[in-house]
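J.: Can you read through this structure? Questions will come right after.
The values are calculated or read from the model by the stated rules, or taken from the named source; none is laboratory data. Quantities reported herein were computed from a predicted structural model and do not represent experimental measurements. No Cβ is skipped: glycine too gets one built from the backbone with ideal geometry, and neighbour counts run over all protein chains shown.
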Amino acid sequence: MLTPSSSPQRPTPQRILDAAEKLMRTVGLVHATTKAIAREAGCSEAALYKHYANKEELFVRVLLERTPNAGPLQAALAAGPGERSVQDRLTDIARHAALFYADAMPMAASLFAEPTLLSRHREGVQRIGTGPHVLLEALVDHLERDRAAGLLRPDADPRAAACLLLGACFQRAFFLHFSGADVVQPVDTFAPAVAATTWAALR
C-alpha cells in the first residue's frame, strides 16, 4: 500500500524523492536501498534508475531540496561583498550551516558503520561531482571575494577561517545528536558568537 507521500497522483520522480527522504530519515542511508525506495514509491527499481543515476544522487537531492536550510545556506554563501557586513554574512552562514548539519547528520551517520558502503557512497558522490567538501570550497570562495574587495586583512587565510567556522557548525551538530540539546548553545547564540570569532581573525 502506498504511503501518502508516495501518492500515485504525484509525478514518479517526486514520489521517488518522497520515498527516499522518508526512508533516509527513518532507517538511515545504509538501509534506504534503491529497492526499498522503489517499493516505498510504488514503482519498479528500473523506473527509479530512469530518473536518478544512483542512491547517492538521491541523497544529494534530498539534502538540497528537502532540508529547509540548504537553500538559505547556498544563498548566504553566494552573497557578494557589497551585501551587508562580513560579520553579518558569516552569522547567516553559521546559522544555516549549523541547522543544515543537524538535519543531515542522522541520515548519513549509519554509513560510517559500514566501510564498504562508505567507500561506495564516496565513489558515487564523486561521480556526480559533489561531496561534503563543496560547502567548504563555497565558503573559501566567499571569503576570497571579500579579501579581493579589501574587506579582509591582506594576509587573512580564507581556507583556515572557513574550516574553523564550518568545523564548529559540524561539531555542534554532532554534540546535539550525541549528547542532547542541553550541551550546545542555541543556534541564535552560537551563530553570532562563531561568526564574531571568525571575523576577529580576518579583519
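Residue-by-condition table, conditions (1) under 23 Å from LEU165 (Cα atoms); (2) basic (Lys, Arg); (3) modelled with pLDDT of 90 or more:
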| position | (1), (2), (3) |
| --- | --- |
| GLY42 | no, no, yes |
| LYS50 | no, yes, yes |
| LEU63 | yes, no, no |
| THR67 | yes, no, no |
| GLY71 | yes, no, yes |
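J.: Can you name the residue in region 11-38 that is of a type in the set (Gly, Ala, Ser) and in a helix (DSSP H, G or I) and is also nearest to the chain's Cα centre (by Cα) among such residues? Step through it out loud before you land on a result.
T.: Initially, region 11-38 is screened for residues of a type in the set (Gly, Ala, Ser), giving 19-20, 28, 32, 36, 38.
Among the residues that remain, those that are also in a helix (DSSP H, G or I) are: 19-20, 36, 38.
Values: ALA19: 19, ALA20: 16, ALA36: 23, ALA38: 24 Å.
Of everything passing the filter in region 11-38, ALA20 is nearest to the chain's Cα centre (by Cα).
J.: Does VAL183 fit the bill of being over 17 Å from ALA70 (Cβ atoms), among the β-branched types (Val, Ile, Thr) and either surrounded by 19 or more Cβ atoms within 10 Å (Cβ to Cβ) or in contact (Cβ under 8 Å) with a residue 24 or more places away in the chain (or both)? Can you show your working first?
T.: Working: over 17 Å from ALA70 (Cβ atoms): yes; among the β-branched types (Val, Ile, Thr): yes; either surrounded by 19 or more Cβ atoms within 10 Å (Cβ to Cβ) or in contact (Cβ under 8 Å) with a residue 24 or more places away in the chain (or both): no.
Taking the combined requirement at face value, the residue does not satisfy it.
Let's see how each residue does on (1) within 19 Å of the chain's Cα centre (by Cα); (2) closer than 24 Å to GLY80 by Cβ; (3) surrounded by 14 or more Cβ atoms within 10 Å (Cβ to Cβ):
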{"residue": "LEU117", "(1), (2), (3)": "no, no, yes"}
{"residue": "GLY124", "(1), (2), (3)": "yes, no, yes"}
{"residue": "LEU135", "(1), (2), (3)": "yes, yes, yes"}
{"residue": "ASP146", "(1), (2), (3)": "no, yes, yes"}
{"residue": "PRO154", "(1), (2), (3)": "no, yes, no"}
{"residue": "PHE178", "(1), (2), (3)": "yes, no, no"}
{"residue": "ALA191", "(1), (2), (3)": "yes, yes, yes"}
{"residue": "THR198", "(1), (2), (3)": "no, yes, yes"}
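J.: Looking at ALA98, ALA108, can you tell me which residue is under 13 Å from the mean Cα position of the chain (by Cα) and modelled with pLDDT under 95?
T.: Exactly one residue qualifies, and that residue is ALA108.
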